[in-house]
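The values are calculated or read from the model by the stated rules, or taken from the named source; none is laboratory data. Computed from a prediction, not measured in an experiment: that's the story for all the values here. Positions of Cβ are generated from backbone atoms using ideal geometry, with glycine treated the same way; all protein chains shown enter the neighbour counts.
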Amino acid sequence: MGFRSILLIVLFALLAAFAALNWAAFTASTSLTLGFTSVQAPLGLVMLALSALLALVFLGFAFYVRTSALLEGRRQMKELQAQRERADKAESSRITQLQQSLEAGLNRVAEQMSAHKNELLVRMAQLEQAQTQLITETANGLSAAVGELEDRMARRN
């Protein structure tokens, strides 16, 4: 219990003790004027009843305020949970979109690399063919030159 609750209980107990100790005075009948008429009633009991009624009204108001605050807190909690879920969905959507974008970019790079690889292989095949042809032509030219030298040497001898 909080300090205020204990204080209220102590004050209520003191009020009850005061009423019990002075019960004869509380129940003594007296003439009460209500503004437009007069009534014979015990002033102490009337005041005690009005105090009790005022306390009940105060407790009812406190209960209403507390209940309203709890309901408002619950409504805000639900709203925050809904916003959190929407934020999680949006984040998940952005992550999925980013993943798809990255996959598309990687696929595009892979296709470009494959195309460059094919171009490189074709170019290497062309260069190899040109090199083979050059080697063959050089070998033929060299054979012709060696044959010509052999013929010259054979004629000199």
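Structure data summary
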{"quantity": "Any hit, region 67-74, residues being farther than 30 Å from residue 5 by Cα and without any contact (Cβ under 8 Å) to a residue 12 or more places away in the chain", "calculated": "no"}
{"quantity": "Filter pass, residue 46 being out of contact with any strand residue (DSSP E or B) (no Cβ under 8 Å at 6 or more places or on another chain) and either surrounded by 10 or more Cβ atoms within 10 Å (Cβ to Cβ) or without any contact (Cβ under 8 Å) to a residue 40 or more places away in the chain (or both)", "calculated": "no"}
{"quantity": "Flag if residue 152 is modelled with pLDDT of 95 or more, in a helix (DSSP H, G or I) and surrounded by 10 or more Cβ atoms within 10 Å (Cβ to Cβ)", "calculated": "no"}
{"quantity": "Residue list for region 14-53, restricted to those being touching a Pro at 6+ places or on another chain (Cβ under 9 Å) and among the β-branched types (Val, Ile, Thr)", "calculated": "27, 30"}
{"quantity": "Positions within region 27-43 being part of a loop (DSSP other than H, G, I, E, B) and of a type in the set (Ser, Thr, Tyr), in sequence order", "calculated": "27, 37"}
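The rows are residues; the columns are (1) closer than 25 Å to residue 22 by Cα; (2) modelled with pLDDT under 95; (3) of a type in the set (A, V, I, L, M).
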residue	(1), (2), (3)
42	yes, yes, no
64	no, no, no
74	no, no, no
88	no, yes, no
